Amino acid sequence: MKTKILLSILAVGFFVNAFSQKPTMELTFTAENNGQYVPLDSIFIKNLTQGGDTMLYAPDTTLLLEYIVGITNNDGVEKNSFFVSQNYPNPFEGKTTVNLYLPEKEHIRITIRDIVGREVAFFENTLISGNHSFTFYIGKEKYYLFTAKGNSVSKTIKMVNINSNNKIQCKLVYNGFDNNIISFKSQKAINNFVFNPGDDLQYIGYAKTIEGIAGSDVIEDAPQNNKIYIFEIIEGIPCPGIPTVTDEDGNVYNTVLIGNQCWLKENLNVGTRINGSQNMSNNGTIEKFCYDDNEANCDEYGALYQWNEMMQYTTQQGTQGICPNGWHLPSYDEWTTLTDFLGGSSVAGGKMKEVGTAHWKSPNTGATNSSGFTGLPGGNRHSLTGSFHSLIFYGQFWSSSESSSSTAWHRMLYYNGDGVYSGGRDKGYGYSVRCLKD
């Protein structure tokens, strides 16, 4: 488990609005799933410092921000003004399309340059009013600037090439004229969004995985310059209004909405590590086990907890225990609600397990993670010997419900099956913990 999901961020330090009278910053978004490009469906942007939010919808994946006053006025199409749309798709492979709207007949010069300023394509002609479409066939560079100049105005957009191995020579093709005015959805979703450089922004990218499962990712950053953000899309959609949660140690967890339940998407990793040879005690400090007494395993798989420590020495099912404020430990019935929603215990495990064998032992039978739960095989700490077992084989999760005075109910995911096992186990075992929103 990682303490903060801040995925690959590439800084690009050039200005694309050099002809604007107000200082602007450009944020461009793209997405990958298992190392392969996937098209974004939408991006939600929230200003954590000043409040306010906005939404971008495909094919618009670039946000232009004016300092202080908010988003650059890109609704010029509706105000009958010179306008260059963001290319779509962006990023792109092979070719991409750009639309230019002219409010009146005008002589136009279009130049496309690479990142070091070399001209790679050019177009010049007098065009009548209306919408004009162009297709750009890319070469081997990763970034390109598309600049359209009229008689008294100039607009520039940044384009991102995801296949820099292409050896085809760049060319710009004029597709023709359409007198319809294009409406850009991203400009209709602004909710009093204001921005100053250095504000903390939260971005949620929504896209489908390569397998076609709805997925997302969350990035938080305080941009000072133009940037390109890459979402690492994994299965699952964040809980509305609470995409991340922070525990008392500062660890940040993603959330996932499954049915009507809001779950943490990662195993808890809060507390101070003690050795597996010791038992946890009611000493006012949250204690945790890390598999093989190795802190790196807590970072990767989450921590393991004895039942009483997890519960903070109460037997009231559904208690907060070691969960963050506003969250609680799921009861037996709440675990059952989850597995029932996913089709029953005989098949729910496959929908709850992380895909692949990066963490799970092969064959990781039936794993699709279509729920977004992203269950990991964190193994366990034995109740009698204090030894550690079954890392990469099993993921075992406590419930907050007792099965007897000395045992409690748990759920188990396993590498060679797609079901979910349920049983009562000695409270001295160390198992993984997930939290559920109140």
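The values are calculated or read from the model by the stated rules, or taken from the named source; none is laboratory data. Keep in mind that what you see is a predicted model, and the values were worked out from it rather than measured. Because the Cβ atoms are built from the backbone with ideal geometry, glycine has one as well, and the counts that use them run over all protein chains shown.
Being at negative phi and either assigned by TED's automatic domain parsing to the domain that holds Ala296 or surrounded by fewer than 20 Cβ atoms within 10 Å (Cβ to Cβ) (or both) narrows it down to one residue among Gly430, Gly343; which is it? Break it down stepwise before answering.
On the way: Gly343 fails: at negative phi.
Only one candidate qualifies: Gly430.
Whether a residue is surrounded by fewer than 19 Cβ atoms within 10 Å (Cβ to Cβ), of a type in the set (Gly, Ala, Ser) and not in a loop (DSSP other than H, G, I, E, B) was assessed, and Gly424 passes this test.
Scanning the stretch 275-288 for residues that are of a type outside the set (Asp, Glu) and either touching a His at 6+ places or on another chain (Cβ under 7 Å) or within 16 Å of Gln312 (Cβ to Cβ) (or both) turns up Asn279, Met280, Ser281, Asn282, Asn283, Gly284, Thr285, Ile286, Lys288. Filter the stretch 287-320 down to the residues that are in a loop (DSSP other than H, G, I, E, B) and either free of Cβ contacts under 8 Å to residues at least 24 places away in the same chain or out of contact with any strand residue (DSSP E or B) (no Cβ under 7 Å at 6 or more places or on another chain) (or both), then identify the one that is farthest from Trp398 (Cα to Cα). Top of the filtered list is Asn294.
Restricting the stretch 3-40 to residues that are surrounded by fewer than 16 Cβ atoms within 10 Å (Cβ to Cβ) and at pLDDT 50 or above, the residue that is nearest to Asp299 (Cα to Cα) is Asn34. Might you check whether a residue that is over 19 Å from Ile228 (Cα atoms), surrounded by fewer than 16 Cβ atoms within 10 Å (Cβ to Cβ) and touching a Cys at 6+ places or on another chain (Cβ under 7 Å) occurs anywhere in the stretch 129-141? Scanning the stretch 129-141 turns up at least one residue that is over 19 Å from Ile228 (Cα atoms), surrounded by fewer than 16 Cβ atoms within 10 Å (Cβ to Cβ) and touching a Cys at 6+ places or on another chain (Cβ under 7 Å).
Among the candidates Gly318, Gly271, Gly302, Gly236, single out the residue that is at positive phi, over 28 Å from the mean Cα position of the chain (by Cα) and of a type outside the set (S, T, N, Q).
Among Gly318, Gly271, Gly302, Gly236, only Gly318 is at positive phi, over 28 Å from the mean Cα position of the chain (by Cα) and of a type outside the set (S, T, N, Q).
Restricting the search to strands (runs of 3 or more DSSP E) fully inside the stretch 205-285 and requiring at least 1 residues that are touching an Asp or Glu at 6+ places or on another chain (Cβ under 6 Å) and not assigned by TED's automatic domain parsing to the domain that holds Lys427 gives 214-221, 227-232.
Candidates in the stretch 372-402 are the residues that are assigned to a loop (DSSP other than H, G, I, E, B) and either in the same structural domain as Val218 (by TED's automatic domain parsing) or free of Cβ contacts under 8 Å to residues at least 24 places away in the same chain (or both); of these, the one that is surrounded by the fewest Cβ atoms within 10 Å (Cβ to Cβ) is Thr385.
If the condition is being at pLDDT 90 or above, under 29 Å from Ala367 (Cα atoms) and surrounded by fewer than 22 Cβ atoms within 10 Å (Cβ to Cβ), then the stretch 235-250 contributes Ile237, Pro238, Cys239, Ile242, Thr244, Thr246, Asp247.
If the condition is being closer than 17 Å to Phe83 by Cα and among the aromatic types (Phe, Trp, Tyr), then the stretch 116-144 contributes Phe123, Phe134.
Residue by residue, here is whether (1) within 19 Å of Val116 (Cα to Cα); (2) modelled with pLDDT of 80 or more; (3) of a type in the set (S, T, N, Q) holds:
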residue	(1), (2), (3)
Lys142	yes, no, no
Asn151	no, yes, yes
Lys155	yes, yes, no
Val160	yes, no, no
Ser164	yes, no, yes
Val173	no, yes, no
Ile182	no, no, no
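Within the stretch 23-49, residues that are in the same structural domain as Thr209 (by TED's automatic domain parsing) and in a strand (DSSP E or B) reach partners that are basic (Lys, Arg) and surrounded by 17 or more Cβ atoms within 10 Å (Cβ to Cβ) with beta carbons closer than 7 Å, at six or more positions or on different chains, in the pairs Glu26/Lys158; Leu27/Lys227; Thr28/Lys158.
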